[in-house]
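The structure under discussion appears below in the form of structure tokens.
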Amino acid sequence: QVQLVESGGGLVQAGGSLRLSCAASGRTFIINTMGWFRQAPGKEREFVAAINRNDFSTSYADSAKGRFTLFKDNAKNTIYLQMNSLKPEDTALYCCAASLSGSLSERRSDYPYWGQGTQVTVSS
């Protein structure tokens with residue numbers, strides 16, 4: 001089993017920044033991809049970004065490109081999502097996910113492990 005714990009959410013004004021963290025524990029050696037999804041009230045959970053733990057490759061949703069940066073610290077089994085130039089439409093519950101596949105998938109079904117999420121609220 002793999003456990004994921006997110007932190008770093010909060011309330012920020014539009015244009016501000018936040019850094020989210022996701023720490024993995026348990027059988028972390030089976031993980032090849034870690035990513036972030038978000039879910040706003042009344043909307044489907046959507047892909048934000050993913051990173052391959054072995055080759056550093058990344059993938060971003062169009063809404064995140066140019067504003068969000070995903071990076072990792074393998075020694076700490078932790079990934080970080082640096083979010084800049086935040087907009088009110090970024091308001092959502094941000095959930096960390098882990099996959100055994102290294103394909104940087106954008107599909108929720110490819111991620112068997114999930115954290116509880118951390119709330120990000122951007123005020124206008």
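The values are calculated or read from the model by the stated rules, or taken from the named source; none is laboratory data. If you're wondering where the values come from, they're calculated on a predicted model, not measured in any experiment. In this analysis, Cβ positions are derived from the backbone assuming ideal geometry, glycine residues included, and neighbour counts consider all displayed protein chains. The protein model used for the area step is the full one, side chains on, heavy atoms only, and it has no ligands, DNA or RNA in it. Shrake-Rupley method; radii C 1.70, N 1.55, O 1.52, S 1.80 Å.
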**OP:** Starting from the range 108-124, keep only residues that are of a type in the set (Val, Ile, Thr), then list their pairs with residues that are assigned to a helix (DSSP H, G or I) and open to solvent by 80 Å² or more (accessible area, probe 1.4 Å) whose Cβ atoms are within a distance under 9 Å, requiring at least 6 positions of separation or different chains.
**Re:** VAL122/GLU89
Subject >> Residue under evaluation ASP62, criteria (1) assigned to a loop (DSSP other than H, G, I, E, B); (2) without any contact (Cβ under 8 Å) to a residue 12 or more places away in the chain; (3) closer than 20 Å to GLN1 by Cβ, criterion not met >> reply: (3)
**OP:** State which residue is farthest from the chain's Cα centre (by Cα) when the search covers only the range 74-106 and only residues that are of a type in the set (Asp, Glu) and farther than 14 Å from ARG19 by Cα.
**Re:** GLU89
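Per-residue answers, yes or no, for (1) outside any strand (DSSP E or B); (2) free of Cβ contacts under 8 Å to residues at least 60 places away in the same chain:
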| position | (1), (2) |
| --- | --- |
| GLU6 | no, no |
| CYS22 | no, no |
| MET34 | no, no |
| ARG38 | no, no |
| PRO41 | yes, yes |
| ALA50 | no, yes |
Original post:
Pick from VAL5, VAL48: which is touching a Gly at 6+ places or on another chain (Cβ under 8 Å), modelled with pLDDT of 95 or more and open to solvent by 30 Å² or more (accessible area, probe 1.4 Å)?
Top reply: VAL5
**OP:** Considering only the range 99-124, state which residues are touching a Pro at 6+ places or on another chain (Cβ under 8 Å) and over 29 Å from VAL12 (Cα atoms).
**Re:** SER99, LEU100
**OP:** Among residues belonging to the range 65-100 that are out of contact with any helix residue (DSSP H, G or I) (no Cβ under 6 Å at 6 or more places or on another chain) and at pLDDT below 95, point out the one that is farthest from VAL2 (Cα to Cα).
**Re:** PHE71
**OP:** Could you tell me whether the range 72-90 includes any residue that is of a type outside the set (Ser, Thr, Tyr), surrounded by 16 or more Cβ atoms within 10 Å (Cβ to Cβ), on the phi > 0 side of the Ramachandran plot and not in a helix (DSSP H, G or I)?
**Re:** yes
Original post:
Of the residues that sit in the range 91-124 and are among the charged types (D, E, K, R) and assigned to a loop (DSSP other than H, G, I, E, B), which one is surrounded by the most Cβ atoms within 10 Å (Cβ to Cβ)?
Top reply: GLU106
Subject >> Search result, residues across the range 60-71 that are open to solvent by 20 Å² or more (accessible area, probe 1.4 Å) and under 11 Å from the mean Cα position of the chain (by Cα) >> reply: TYR60, THR69, PHE71
